[in-house]
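One structure below.
The values are calculated or read from the model by the stated rules, or taken from the named source; none is laboratory data. As the structure is a prediction and not an experimental result, all values here were calculated from the model. Cβ coordinates were reconstructed from backbone atoms using ideal geometry, including for glycine residues, and neighbour counts include every protein chain displayed. All accessible areas refer to the heavy atoms of the entire protein, side chains included, with ligands and DNA or RNA removed. Shrake-Rupley method; radii C 1.70, N 1.55, O 1.52, S 1.80 Å.
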Amino acid sequence: MKIFLHNRSMLPGLVLTLIFTGAAIVSLVWVPYDTTVLNIAERMKSPSLQHPFGTDQFGRDILSMIMVGARTSIAVALVAVGIGMLAGVPLGLAAAARKGSLLDEVIMRMNDLVFAFPSLLIAVMITAVFGASALNAIIAIGIFNIPVFARLTRGAALTLWSREYIMAARVAGKGPARISVEHILPNVTNLLIVQGTIQFSLGILAEAGLSYVGLGAQPPTASWGRMLADSQTMISLAPHLALFPGLAILLTVLGLNLMGDGLRDVLDPKLRRSRS
Amino acid sequence: MLQYFLKRLLSLGLSLVAASVVIFLALEVVPGDPAAYMLGVNAQEDTLNALREQLGLNGTILQRYLSWAGGLLVGDFGTSYTYRTPVSELIGERLWVSLPLALYALTLSTLIAFPAGIWAASRRGSYADAGVMGVTQLGVAIPNFWFAMLMVLVFAINLRWFSAGGFPGWEDGFFAGMKALTLPAIALALPQASILTRVMRSSLLDTLGEDFIRSARAKGLTRGQAMWRHALRNALIPVLTIMGLQFSFLLAGAIIIENVFFLPGLGRLVFQAISSRDLIVVESVVMLLVFAVIVVNFAVDLAYALVDPRLRRRR
Amino acid sequence: MSLLHINRLSLSIHGSTILKDVSLKVGAGRILGVIGESGSGKSMTAFSVLQLLPNGSACSGDISLSDKDILACSEEELCSLRGKEVGMVFQEPMTALNPLQTIGAQVAETILIHENVPKAEALARAAEALRRAELPQDRFPLSRYPHELSGGQRQRVVIAMAIALRPKLLIADEPTTALDVTTQAQILDLLKRLVAEDGMGLMLISHDLAVVADLADDLVIMRRGEVVESGPAAHLFRNMQHPYSRALLEASGHVPVKSARTTSAPLLQVRNVVREYASHSHGWWGQTTRFRAVDDVSFEIRKGESLGLVGESGCGKSTLTRAILGLEETQGGDILFDGEPVVVHHHANREVRRRMQVVFQDPYGSFNPRWRVDRLITEPYHLLDSPPQGSERREAIAEALESVGLTADDAGKYIHEFSGGQRQRIAIARALIIKPDLIVLDEAVSALDVSVRAQVLDLLADLGGRFGLTYLFISHDLSVVRSITERVLVMKSGKIVEEGPTEAVFDNPKDAYTKQLVDAAPVLPADVA
């Protein structure tokens, strides 16, 4: 625990992450103002004691909107990371266990194919067919995460497969599936946790982008990207409309990235240098 | 070398076919009649029929795919329903905004990232290094469309150095066009440059720890000479990979950034097409962008072979 | 006057002491052997001479090279010394060259960096340096890239780089450790010849007494950052004073006490085994060529016997090992264990497998770092239909650990808490736990320091007698094979080229390759061990 907090990036990262997840959780039971009620009399107020971040063009409290928006961002990004891991990790393990086989080839070629579709294009296609929703964003980002985790897992698993303890396990009569679960998976977990935080932060950025162009969460669901899109035409009159949601995204992503760096340093010192 | 090239070329072709199948099938699963979907519920029967004919909806899936893909090969993307012009013309016009924007941003990010990464790596552990790393940490975290909005607020609305959006067209001269693309390109380049700087730095540091750098130093090269002559080209290999991957993010980012600046590029086109349910345009633009990503990765593979002699003669 | 004189050199890196009061001398035209086990500071001593030390290093004492005070030199002066006055050769030839540059450019660089000559002249001199390192231009033109050369050839390029300017001093840090025995002998000959030709001094660093023994004029023995003994080689070998150097010498030539218990009944029969790999070497739709890693190999291991299998890297011994363990299928022939086939219907035969175990080379990579010792050594229980549970299991673990010289308490520890030698004991415990008949030792002591190696060899000999084990001992190291096996097979290019009682084969090799191998193997002077 001590090395955890002694790490230079870990502490600020953890604090930022806790603030935003905390805000999202609190918003489930309490927000300063109800975000579904419009109050035209109070519209576009600058930050004040009543409204620390001011109000928007419909008189809604921006702090409350950001708290509720955190919920959307975190939920979308988290589920997308979940999809990526649940599908990508087994694929990567299987490809590594059967390296050079047809299965490996098929999995890797499919990965390459998905990599050619940025999540935004996937979202464009889904929206064109089914219409826009937050679910779109989850699916689009989730699909894009699959090859990320599959490649990472395969690469790490391949180096492990050449270790002699895997050979020892095979001499003990264990099959590839069992070896993957008993020996490979526990030894790639650290890597997955680190990549998970990175994909989580990328997911938050992607969700904001999708909502901003209208391919993500739809009104009345509050979302940071949506708030920025709505503020754009009023940016010269009321810059605070654009400032706070943008800062929220920036700080959340920054916090997650710092935490990812810190986790990597703590969990696996050997990885420290291979970070992008 | 030739073998390597042919192998890549084959895999390029296969990827393109696979991608076109995916896109075709994805838009083929539209519930119900695509023609009715596109025209809405109040469509006249004869307009519907005309559209079906035009979409080639009257054959089997395979026939329709082949006629669509065959069209793509000769540059015939079909005809847009809403614009009533060939999609290829629409795309052609818009490409003259999107492509220069993407290239502008790529150039900027490379010009920033290479020196910054090399500088930080050569002064590892110094304040300069920490400063560069801090800035890139922010650059990676900042949503580029928000950064674009802030730039509009500062440089267009307050300082009036640039216009807040729109594109005058290349008819007004090269510099007018480039000026209109400058803020969008900076917004696009910032996150990419930050990532690339970090990759450049860490790759260079990894390479500087290699045994052959020690050999070079034992020959009498200074630290700097060893870095420039031996480390840099070796460090470039992972950097190229990331640049290839980044291109797809750059394209996706361009679609969003075009919205911030009201640029008449492919991004605007695709959103207008979505809202007017013009599936042919959506399909074509997506195909084109995916095509670009695949071709760029092919080019990166070829670049590897130029940098790395081990690939040139590998059988 | 000596060429290099190190006097009371101390070195600390980030505050921890690496070297303490090291003194040594290298004279022109003389070879100084620096010997020590891992952690003795021998490499750091070498790096100190060129001041190529990691960040955070602090040196004190005195290093003088032809009367020049190295520790007082500026970085610029040091750069002009490196490569010109002092050349250096490293341990790992595979990574010591820039993969993206031709060998010609890399050798010529040594010249270009120190002398203002036209590039063409530098290249001509590079060709000459390569020729002196026995890489003639007709077979190894300047335009070759490192990946087109073998390890031994790359080491010659590194040597050419180091001697291109005919330096006064050459420092070679374990130059042959990563190479096969025959290549090692050639490289050592080359170094010896260059020293004689150029009259330069050579500082030859090695962990292996035997490598240095017939080359060095003088010796320095190091341990934990200190020189424990030094002097002229011929004298020193006969008059070792310090207990550590004596122990080192004893361990190098150590022969464990063997108990003869070989029977005539065969335990493992290998008959006409063929293992082929398909390699797509002629394009992606061209024909596939086949590479025979194991080519029509036949032999037997008798119950209670200790059989050696020697060969250089790439000879097929690892592939053969995997085939015997049932990890890979063969394309021809039979492998029978006590009359039963090792592989049945494309699957390893469980009945047979539970009677064979293996110990690998790498004491660090052989264990899952996330498991405790008890789980690690009971992994072979997977082969049993009803593995012991509860107290029975605990007793079995304790017994296995105690039989390899560890304690029952070690069962709860993680692998990183053990040293290399202890880890190898744990690997042996893992092999023993299901009471196998045959243990395959795949380079099992190759990664260990000599003194630890001697202990592990004693342990193996002792266990063999106690549990009636049969050993298949695979190694590239002839002296180890000689000390522990009764019979030996010599393998080359997938074939067994010679077979017979170990002593007889090594003393009187019949096959040309075996002769070459035996001649190349470094040996300690006969009268000292």
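Sequence gap at least 6, Cα distance under 8 Å: using those rules, report the relative contact order of chain B to the nearest whole percent.
That works out to 27 percent.
What does the average come to when, for each residue of peptide A:247-256, you count the partner chain Cβ atoms lying within 10 Å of its Cβ?
Per-residue shielding by partner chains comes out at 3.
Find how much the distance from B:Leu245 to B:Glu45 grows on full extension, using 0.36 nm per residue of separation minus their present alpha carbon separation; answer in nm with one decimal.
Length difference between fully extended and current span is 67.4 nm.
Where in chain B are the DSSP H helices whose C-alpha atoms run 24 Å or more along the long axis and whose mean Kyte hydropathy is at least -1.0?
B:2-28, B:87-122, B:174-208, B:232-260, B:279-307
Just name one of C:Ala400, C:Gly421, C:His382: the one whose Cα is farthest towards the positive end of the charge dipole of the stretch C:363-435 (beta-carbon charges, Lys/Arg +1, Asp/Glu -1).
Farthest along the dipole direction, towards plus: C:Gly421.
What FRET efficiency do you get for A:Phe58 and A:Val15 if R0 is 30 Å and r is their Cβ-Cβ distance, rounded to the nearest 0.05?
Calculated transfer efficiency: 0.40.
Compare the peptides B:230-239, B:6-15, C:99-108 by average per-residue count of other Cβ atoms within 10 angstrom and give them in order, highest first.
Ranking, from highest mean packing down: C:99-108, B:230-239, B:6-15.
Which percent of the accessible area of chain B is formed by carbon and sulfur heavy atoms (probe 1.4 angstrom)?
That fraction is 66 percent.
Give the carbon-plus-sulfur fraction of the accessible surface of chain C in %, rounded to a whole number; probe 1.4 Å, heavy atoms of protein chains only.
Ligands and nucleic acids excluded, carbon and sulfur give 48 percent.
Once the other residues with Cβ under 11 Å from the Cβ of C:Asn272 are scored (Lys, Arg +1; Asp, Glu -1), what is the net sum?
Summing Lys/Arg as +1 and Asp/Glu as -1 gives -2.
Please work out the Cα convex hull volume for chain B and give it in Å³ per residue.
About 175 Å³ per residue, rounded to a whole number.
Efficiency by 1/(1 + (r/R0)^6): what FRET value for A:Ser162 and A:Leu28, r their Cβ-Cβ distance, R0 = 45 Å, to the nearest 0.05?
That pair, A:Ser162 with A:Leu28, gives E of 0.40.
Ranking request for peptides C:369-376, C:497-504: highest mean number of other beta-carbon atoms within 10 Å first, then the rest in descending order.
Packing proxy ranking, top to bottom: C:369-376, C:497-504.
Only bridges whose two residues both fall in chain C count here: according to DSSP, what percent of them are antiparallel, nearest 5?
Within chain C, antiparallel bridges account for around 55 percent of the total.
Averaging sequence separations of C-alpha pairs under 8 Å and six or more residues apart, then dividing by the length of the stretch C:94-166, give the relative contact order as a whole percent.
45
Calculate the dipole size of chain C relative to its Cα centre from +1 charges on Lys and Arg beta carbons and -1 charges on Asp and Glu beta carbons; express the result in debye to the nearest 20.
400
How much net charge surrounds C:Pro141 when only the other residues with a Cβ under 13 Å from the Cβ of C:Pro141 are counted, with Lys and Arg +1 and Asp and Glu -1?
+1
Pull up the cross-link candidates among the aspartates and glutamates for C:Lys303, meaning alpha carbon to alpha carbon under 13 Å and not fewer than 8 places away within one chain.
C:Asp338, C:Asp437, C:Glu486
Take C:Gln516, project a point 7 Å from its Cα along the Cβ direction, then tell me which residues of the stretch C:178-219 have their backbone nitrogen under 15 Å from it.
Inside the label zone: C:180-187.
Separation of the stretch C:242-258 and the stretch B:90-108 by C-alpha centroid, Å?
74
Place a point 7 Å from the Cα of B:Glu28 along the Cα-to-Cβ direction; which residues of the stretch B:60-92 have their backbone N under 14 Å from it?
B:60-70
Hey, got a sec? Which trypsin sites (Lys or Arg not before Pro) in the stretch B:108-189 land in a DSSP loop and have at most 10 other Cβ atoms within 10 Å?
Qualifying residues, ordered by number: B:Arg160.
Calculate how large, on average over all directions, the projected area of the Cα convex hull of chain C is; give the answer in nm² to one decimal.
Approximately 28.3 nm², given one-decimal rounding.
With r as the distance between the Cβ atoms of A:Leu247 and C:Ser451 and R0 = 51 Å, compute the FRET efficiency 1/(1 + (r/R0)^6) and round to 0.05.
For R0 = 51 Å, the calculated efficiency reads 0.20.
Please give the helix A:10-29 orientation as an angle from the longest Cα principal axis of chain A, in degrees from 0 to 90, rounded to the nearest 10.
The answer is roughly 60 degrees.
Would you calculate a helix-derived [θ] at 222 nm for the protein assembly as shown, using -39,500 (n - 2.57) for each DSSP H run of n ≥ 4 and dividing by the full residue count, to the nearest 500?
-17500 deg cm²/dmol
Listed highest first by mean packing, meaning other Cβ atoms within 10 Å per residue, what order do C:356-362, A:56-62, C:294-300, C:391-397 come in?
The densest-packed peptide leads the list: C:356-362, A:56-62, C:294-300, C:391-397.
Taking a temperature of 37 °C and a viscosity of 0.692 mPa s, what whole-number D in µm²/s does Stokes-Einstein yield for the protein assembly as shown with Rh from Kirkwood over alpha carbon pairs?
Using the Kirkwood radius from Cα pairs, D works out to 97 µm²/s.
Return, ordered by residue number, the residues of the stretch C:52-76 whose backbone nitrogen is under 16 Å from a label point located 7 Å along Cα→Cβ of B:Thr222.
What the label zone holds, given the 16 Å backbone N cut-off, is C:74-76.
Please report the relative contact order for chain C, taking Cα pairs under 8 Å with a sequence separation of at least 6, and give it as a percent rounded to a whole number.
Worked out over chain C, it gives 15 percent.
Considering only protein heavy atoms, what per residue accessible area in square angstrom results for chain C with a 1.4 angstrom probe?
Each residue of chain C exposes 41 Å² on average to a 1.4 Å probe.
Accessible area drop of at least 40 Å² (1.4 Å probe, protein heavy atoms): which residues of the stretch A:123-143 qualify, relative to the chain alone?
A:Val124, A:Met125, A:Ala128, A:Val129
For A:Arg98 and A:Met44 in one chain, what is 0.36 nm times their gap in residues minus the Cα-Cα distance, to one decimal in nm?
Going from the current span to full extension adds 13.4 nm.
Using the structure shown, list the pairs from C:Lys42/C:Lys492; A:Lys174/C:Lys435; C:Lys192/C:Lys258; C:Lys68/C:Lys119; B:Lys7/C:Lys119; C:Lys20/C:Lys84 with a Cα-Cα distance above 26 Å, or answer none.
C:Lys42/C:Lys492; C:Lys192/C:Lys258; C:Lys68/C:Lys119; B:Lys7/C:Lys119; C:Lys20/C:Lys84
If you take every DSSP beta bridge whose two residues both sit in the protein assembly as shown, what share of them, in percent to the nearest 5, is antiparallel?
60
When we measure straight from the Cα of C:Lys495, which lysines land under 20 angstrom away, once same-chain ones fewer than 8 places off are left out?
Here the lysines satisfying the reach criterion relative to C:Lys495 are C:Lys317, C:Lys510, C:Lys515.
What does the charge add up to near A:His240, with Lys and Arg as +1, Asp and Glu as -1, over the other residues with Cβ less than 10 Å from its Cβ?
Neighbourhood net charge equals 0.
Over both sides of the B-C contact, add up the buried accessible area with a 1.4 Å probe and give it to the nearest 100 Å².
2700
Between the DSSP loop rule and a limit of at most 12 other Cβ atoms within 10 Å, which chymotrypsin sites (Phe, Trp or Tyr not before Pro) in the stretch A:13-51 are left?
A:Trp30
How much accessible area is lost when chains B and A come together, counting both sides, with a 1.4 Å probe, in Å² rounded to the nearest 100?
Chain pair B/A: roughly 3900 Å² of buried accessible area.
Kindly identify residues of the stretch B:207-223 having a loss of at least 30 Å² in accessible area between the isolated chain and the assembly of all protein chains, probe radius 1.4 Å.
Residues passing the criterion (a loss of at least 30 Å², heavy atoms only) are B:Asp211, B:Phe212, B:Arg214, B:Ser215, B:Arg217, B:Ala218, B:Lys219, B:Gly220.
Would you mind classifying the stretch B:228-296 by shape? Square roots of the alpha carbon gyration tensor eigenvalues, ordered a ≥ b ≥ c; an a/c under 1.5 is rounded, otherwise it is prolate if a/b is larger than b/c and oblate if not.
The shape class here is prolate.
So how do A:Glu182, C:Glu148, C:Glu379 rank on accessible area, 1.4 Å probe, biggest first, that is with the largest at the start?
Ranking A:Glu182, C:Glu148, C:Glu379 by accessible area, largest first, yields C:Glu148, A:Glu182, C:Glu379.
Other chains' Cβ within 10 Å of B:248-261 residues: what's the mean?
4
Can you give the extra length, in nm with one decimal, that the chain gains between B:Leu111 and B:Trp170 once fully stretched, where that is 0.36 nm per residue apart less the Cα-Cα distance?
18.8 nm
Leaving out ligands, DNA and RNA but keeping every protein chain, what accessible area does C:Asp208 have, in Å² rounded to the nearest 10, with a 1.4 Å probe?
50
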